[in-house]
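Structure, as structure tokens:
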Amino acid sequence: MREITYRDALREALREEMLRDETVFVLGEDVGRYWKGAFKVTKGLAEEFGDERVQDTPISESAIIGVATGAAITGMRPVAEIMFGDLSTLAMDQIANQAAKLRYMFGGQTKVPLVIRMPFGAGVNIAAHHSQSLEAWFIHVPGLKVAVPSTPYDAKGLLKTAIRDDNPVMFFEHKLLYSIKELVPKEEYTVPLGVADVKREGEDVTIVATLYMVHKSLAAAEELIKQGISAEVIDPRTLVPLDKETIVKSVKKTGRIVIVTEDCKTGGVSAEISAVVAEEAIDYLDAPVKRVAEPDTPIPFSPPLEKFVIPDENKIIGAVKEVVH
Amino acid sequence: MTLEKRKKIEMYRKLLEIRHFEEKVYDLYGQNLVPGTIHLYAGQEAVAVGVCANLRRDDYITSTHRGHGHCIAKGAQLNRVMAEILGKKTGYCKGKGGSMHIANFSVGMLGATAVVGAGLPIAAGAGLSIRLRKTDQVVACFFGEGASNQGTFHEGINMAALWKLPVLFVCENNLYAMGTRQSRVMAIENVADRGVAYGIPGVVVDGNDVMAVYEAACEAVERARSGKGPTLIECKTYRHKGHSRFDPATYRPKEEVEEWMKRDPITRFRARLLEMKTLTEEEADKIEQDVAAAVEDAVKFAVESPFPAPEEALEHVYI
């Protein structure tokens, strides 16, 4: 074990999979030797694997995904980077109508082993076009899988699994996570898609959180225990497939649930998780489902404005107290 | 260029297969046997046949909503294409795709996309895959002149040109995008002129002359296979029917339709084959009779095939 960052963990996953399978290659804007990825995730890969396997592209999001899809259906395993998740809008047809649907439309004749990595999320004051959390859009598209790693360990293990998966996987990397550190094994390991991780066990309330909100929820749980409230923090780790069982089991134990996500509240990830709880565990609830999410605005620029709309420890603690008392 | 006799006869047969096939699809639609809608390829056969006659089985094509002809020209079986159009379990896509989304990966037909222009980057991606796998395959990407106004046209061709990928971008300019005449949406007459913007050859050919298409594609395939990159081939052609089944195509002037019908690609090629004594009248008739019988067999196969079980709708979302 050694301590590495989320960024390093992702890079290790890419490197190990590129060494393991020569059909794996990376493409995207400025991923190559000159810029090394907007968040430096691909640093060193072009030098090691050559420019063709770490392919810089024109600023053409639609074609990045289209080209990756065309390569995926003809024997390659591309890992495409969309520099900011917000820009997936430019590639939406290729993601949602092409990559996601080709296998189905063609009656199972093909597979689309494609990973789309997307730095995303708020917190660095770059406003409405570079800060959104769009996971919910993609969980609504059958054919896509959606990974949302919150830690270096999970990021590495999930990215390796995503690259080996024969379906298109949307891989969300919150930009505030890149520099967090954790002990990660040197030895080979993977993390399966569809298995949640209980990041902290507790008895009084279940907090389901994703991505950067896992860390805020863990900080909130630390504060809550001082006040006598024991919170269980669950990180689904992937939204498609979603490990409903772990969430439902926890709710049956605690009788209370707070869902914490950074995306917009309406039609968001938290709405889907709420629906799962309503369908499968409503009889076990001692309080209404509570959601802490972005209040349906674009992400504003000015620091106090941005801080106001993004969930934080205080908002989580407030929500937990509402359901516990 | 002298083409061997066998190849010319093969092309003639393919032209007829597509024409007879499309006429049957039209009839079956009238009998309520075809769910949804159809976009017939009749009139444009020389494009698919002229291009695909240059391709090997392991070469790829991408196709469009008007794709029956591409599929057949690349070597798909008539009966399974027909079955797909009728929504049957025996169709290439097991009834999941239908007329607008047929694929047959076993012959390198990577599928039709019904989103106009979406196939261009996918074809470029197949080209990138060929480059990375170090094979000498090529990709032919079919699309209409309407698709050339999509961003994907620009993005896809730019990348393919930049990386010198082995792709033929084959624009079938049938003058109308649904009801919109080209001159109403483009300030230029030739889509091929756009090739210069990407640093690749842009060639205009008579898309109703299968030999002309063959020769242009032959050159482009050689260029692609030898690592010199893509070519944009614009085939000027015309659809015989409306955009889709219920379109009477009243937006097209009568004289224009008549003029194009005189340039029917199959009538012309037959006359040429007879003139060159490649075929006799009797031999040409015999081929047509054989093709008609094969299409009848395909119809019988498709009509008699079962529909998929309803719950098969849940299969193939994920692998």
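Numerical summary
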quantity: Amide H contacts under 5 Å for B:ALA112, placed H, 5+ residues apart; calculated: B:SER63, B:ILE102, B:ALA103
quantity: A:ASP21, A:ASP204 arranged by Cβ crowding within 10 Å, fewest neighbours leading; calculated: A:ASP21, A:ASP204
quantity: FRET efficiency, 1/(1 + (r/R0)^6) with R0 22 Å, evaluated for B:GLU315 and A:ARG20 via beta carbons; calculated: 0.15
quantity: Qualifying chymotrypsin sites (Phe, Trp or Tyr not before Pro) in the stretch B:121-221, DSSP loop, other Cβ atoms within 10 Å at most 14; calculated: none
quantity: Out-of-range pairs (alpha-carbon distance over 26 Å; input B:LYS74/B:LYS228; A:LYS111/B:LYS94; A:LYS111/B:LYS7; A:LYS145/A:LYS249); calculated: A:LYS111/B:LYS7
quantity: Amide H partners (placed H, <5 Å) of A:VAL169, local residues excluded; calculated: A:LEU114, A:VAL115, A:ILE116, A:LYS145
quantity: Max mean-square fluctuation residue, GNM over chain B, Cα-Cα springs under 10 Å, options B:ALA220, B:ALA284, B:ALA147; calculated: B:ALA284
quantity: Antiparallel content of DSSP bridges confined to chain B, in %, to 5; calculated: 10
quantity: Chain B, relative contact order in percent, only Cα pairs under 8 angstrom and at least six apart counted; calculated: 23
quantity: Karplus (6.51, -1.76, 1.60) ³J(HN,Hα), θ = phi - 60°, over the stretch B:20-25, in Hz, Gly and Pro reported as x; calculated: 5, 4, 5, 5, 5, 4
quantity: Chymotrypsin sites (Phe, Trp or Tyr not before Pro), loop per DSSP, at most 13 other Cβ atoms within 10 Å - longest free stretch of chain A; calculated: A:35-188
quantity: Calculated on alpha-carbon atoms, Rg and Dmax of the protein assembly as shown in Å; calculated: 27.8, 97
quantity: Structure-based [θ]222 nm, chain A - -39500 (n - 2.57) summed over DSSP H runs of at least 4, per residue, nearest 500; calculated: -10000 deg cm²/dmol
quantity: Order of A:VAL320, B:VAL317, B:VAL116 - criterion: other Cβ atoms within 10 Å of each residue's Cβ, fewest first; calculated: B:VAL317, B:VAL116, A:VAL320
quantity: Charge-dipole axis of the protein assembly as shown as Lys and Arg at +1 and Asp and Glu at -1 on Cβ define it, positive-most pick from A:GLY37, A:ALA281, A:GLN55; calculated: A:GLN55
quantity: For the stretch A:298-305, 3J(HN,Hα) per residue [Karplus equation, 6.51 cos²θ - 1.76 cosθ + 1.60, θ = phi - 60°, Hz, x = Gly/Pro]; calculated: x, 6, x, 7, 4, x, x, 5
quantity: For A:ARG291, residues with placed amide H under 5 Å, excluding near neighbours; calculated: A:ILE259
quantity: Spin-label pair B:LYS286/A:LYS181, simplified geometry with 7 Å Cα→Cβ offset, distance in nm; calculated: 8.4
quantity: Difference of contour (0.36 nm per residue) and Cα-Cα distance, A:PHE301 to A:HIS129; calculated: 60.9 nm
quantity: Paired Rg and Dmax values of chain A, which use every Cα atom, in angstrom; calculated: 19.4, 59
quantity: Candidates B:VAL196, B:VAL107, B:VAL25, ranked by Gaussian network fluctuation over chain B, Cα under 10 Å, top entry; calculated: B:VAL196
quantity: Relative exposure of B:ARG245, B:ARG19, B:ARG181, judged by other C-beta atoms within 10 Å (fewest first); calculated: B:ARG181, B:ARG245, B:ARG19
quantity: Anisotropy class of the stretch A:2-184 from Cα gyration tensor, a/c 1.5 cut; calculated: rounded
quantity: Using distinct alpha-carbon pairs, which all enter the 1/r mean, Kirkwood radius of chain B in Å; calculated: 19.7
quantity: Quotient of Cα Rg and 2.2 N^0.38 Å for the stretch B:169-318, N being how many residues it contains; calculated: 1.38
quantity: Positive-end residue, the protein assembly as shown charge dipole about Cα centroid, Cβ charges, pick of B:VAL49, A:VAL191, A:LEU239; calculated: B:VAL49
quantity: Karplus 3J(HN,Hα) series, Hz, for the stretch B:224-230 with 6.51 cos²θ - 1.76 cosθ + 1.60 (x for Gly, Pro); calculated: 5, 5, 8, x, 8, x, x
quantity: CD proxy at 222 nm, helix term only [per DSSP H run n ≥ 4: -39500 (n - 2.57); per residue of chain B; nearest 500]; calculated: -13500 deg cm²/dmol
quantity: Distance between modelled label sites at A:GLU279 and B:LEU274, nm, 7 Å Cα→Cβ extension; calculated: 6.6
quantity: Residue among B:THR237, B:PRO35, B:ALA216 farthest towards the positive dipole end of chain B, charges placed on Cβ; calculated: B:ALA216
quantity: Shape box of the stretch A:170-325 [Cα atoms, principal axes, largest first, Å]; calculated: 43, 39, 33
quantity: Rounded to 5, the percent of DSSP beta bridges in the protein assembly as shown classed as antiparallel; calculated: 20
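The numbers here are math on the coordinates, done by the rules we state, and not lab data. Please read all numbers here as calculations on a predicted model, not as lab measurements. Cβ coordinates were reconstructed from backbone atoms using ideal geometry, including for glycine residues, and neighbour counts include every protein chain displayed.
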